[in-house]
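Participant: Okay, handing you the structure first.
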Amino acid sequence: METERLLINKIVPSDKRDYFFNISHDRRVLETFICKYADTLDGFDFEPYLCAKDMFAVRLKETGRLIGIILYFDVKGDSCEIGYGIGSGYWNKGYMTEAVRRFLHYCLYEKGFGKVYASYFPENIASRRVMEKCGMKYDRYSEKELTYLGKERDLVYYAIEREQKS
C-alpha cells in the first residue's frame, strides 16, 4: 500500500530497531497504544511482530524506515477493528491520518469488510481526530473495558461502513 508520503507493508527483520525505538520503547506511545514495553533492544522479542500477518509497518517513503504500525484484528463476520501507533517523534505531522485513510480503504474495499471499528482512550484526542478526518463516526463509549498500565481504562469506539466511504 502506498500514500503520498508513506509505504504500508509487511514488517521485516531489519525493522527491529525502528520498531523498538518508535513503538515498544517509547513511553509516550505506550500511553496511547496498547503494547508491551521493552527495556532494551537486546532483550526485545521481535518475533511475534514478524509473525503477525495482519500487522503492517508504516514507513516514510523517503527513507523506507518504520515510523509506526497499523493492524486489523477482532474479525467478526464482515467487520474488524483497526489499531495504529506511531513514534512520538512523528506525531502531529499528518502521517497517521494518511496511513489510516489508506488502511481503511484496504480493509473496506480490498479485504471486503463491511464495517471497520477503531477505539481510543478518551484522553487521546489526537487519535479521535485521526478517526474523524478519515470519515469515521462515533459508535459507542465502553467504560472500564480493560486494564492497561495498572489502571482500568475506558475506550471510545468509532466506526465506518463501506457505503459511507467515498
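Participant: Just to verify a result, which residue in region 10-33, among those that are exposed (fewer than 14 other Cβ atoms within 10 Å of the Cβ) and not basic (Lys, Arg), is nearest to the chain's Cα centre (by Cα)?
Facilitator: That would be Glu31.
Participant: Could you tell me whether region 122-143 includes any residue that is modelled with pLDDT under 95 and of a type in the set (Phe, Trp, Tyr)?
Facilitator: no
Participant: Kindly indicate which of Gly68, Gly85, Gly43, Gly77 is under 25 Å from Tyr148 (Cα atoms), exposed (fewer than 13 other Cβ atoms within 10 Å of the Cβ) and of a type outside the set (Phe, Trp, Tyr).
Facilitator: Going through Gly68, Gly85, Gly43, Gly77 in turn, the sole match is Gly43.
Participant: Any idea how many residues of region 26-42 are modelled with pLDDT under 90 and over 19 Å from Ile70 (Cβ atoms)?
Facilitator: So the count comes out to 4.
Participant: Now for a different question. Return the total of residues in region 1-34 being assigned to a loop (DSSP other than H, G, I, E, B), under 28 Å from Ile125 (Cα atoms) and out of contact with any Ser or Thr (no Cβ under 6 Å at 6 or more places or on another chain).
Facilitator: Residues flagged as assigned to a loop (DSSP other than H, G, I, E, B), under 28 Å from Ile125 (Cα atoms) and out of contact with any Ser or Thr (no Cβ under 6 Å at 6 or more places or on another chain) within region 1-34 amount to 10.
Participant: Does Arg101 satisfy the condition of being of a type in the set (Lys, Arg) and in contact with a Cys (Cβ under 8 Å, 6 or more places away or on another chain)? Break it down into steps so the answer makes sense when it comes.
Facilitator: Details: of a type in the set (Lys, Arg): yes; in contact with a Cys (Cβ under 8 Å, 6 or more places away or on another chain): yes.
Criteria met by Arg101.
Participant: Continuing with this model, one more query. Among (1) free of Cβ contacts under 8 Å to residues at least 60 places away in the same chain; (2) within 19 Å of Ile34 (Cα to Cα); (3) surrounded by 14 or more Cβ atoms within 10 Å (Cβ to Cβ), where does Phe121 come up short?
Facilitator: So Phe121 meets the others, but not (1).
Participant: May I ask you to list the residues in region 131-150 that are closer than 23 Å to Met96 by Cα and either surrounded by 14 or more Cβ atoms within 10 Å (Cβ to Cβ) or among the polar types (S, T, N, Q) (or both)?
Facilitator: Those that are closer than 23 Å to Met96 by Cα and either surrounded by 14 or more Cβ atoms within 10 Å (Cβ to Cβ) or among the polar types (S, T, N, Q) (or both): Met131, Lys133, Cys134, Gly135, Met136, Asp139, Tyr148.
Participant: A further question on this structure: Those residues that are touching a strand residue (DSSP E or B) at 6+ places or on another chain (Cβ under 7 Å) and closer than 21 Å to Gly94 by Cβ, I need them from region 1-31; list them, please.
Facilitator: From region 1-31, those touching a strand residue (DSSP E or B) at 6+ places or on another chain (Cβ under 7 Å) are 1, 5-11, 15, 18-19, 22-23, 29; that's our starting set.
Residues satisfying the conditions are Met1, Arg5, Leu6, Leu7, Ile8, Asn9, Asp18, Asn22, Ile23, Val29.
Participant: Restricting attention to helices (runs of 4 or more DSSP H) lying wholly within region 47-158, give those where 3 or more residues are more than 13 Å from the chain's Cα centre (by Cα). Outline the logic, then answer.
Facilitator: Details: elements: 47-51, 95-105, 125-133.
Correct list: 47-51, 125-133.
Participant: If you don't mind, another one. Name, by its number, the condition in (1) hydrophobic (A, V, I, L, M, F, W, C); (2) surrounded by 13 or more Cβ atoms within 10 Å (Cβ to Cβ); (3) more than 29 Å from Asp139 (Cβ to Cβ) that does not hold for Cys51.
Facilitator: (2)
The values are calculated or read from the model by the stated rules, or taken from the named source; none is laboratory data. Here the structure is a predicted model, which is why all the values come from computation and not from measurement. As a convention, Cβ positions derive from the backbone with ideal geometry for all residues, glycine included, and neighbour counts pool all protein chains shown.
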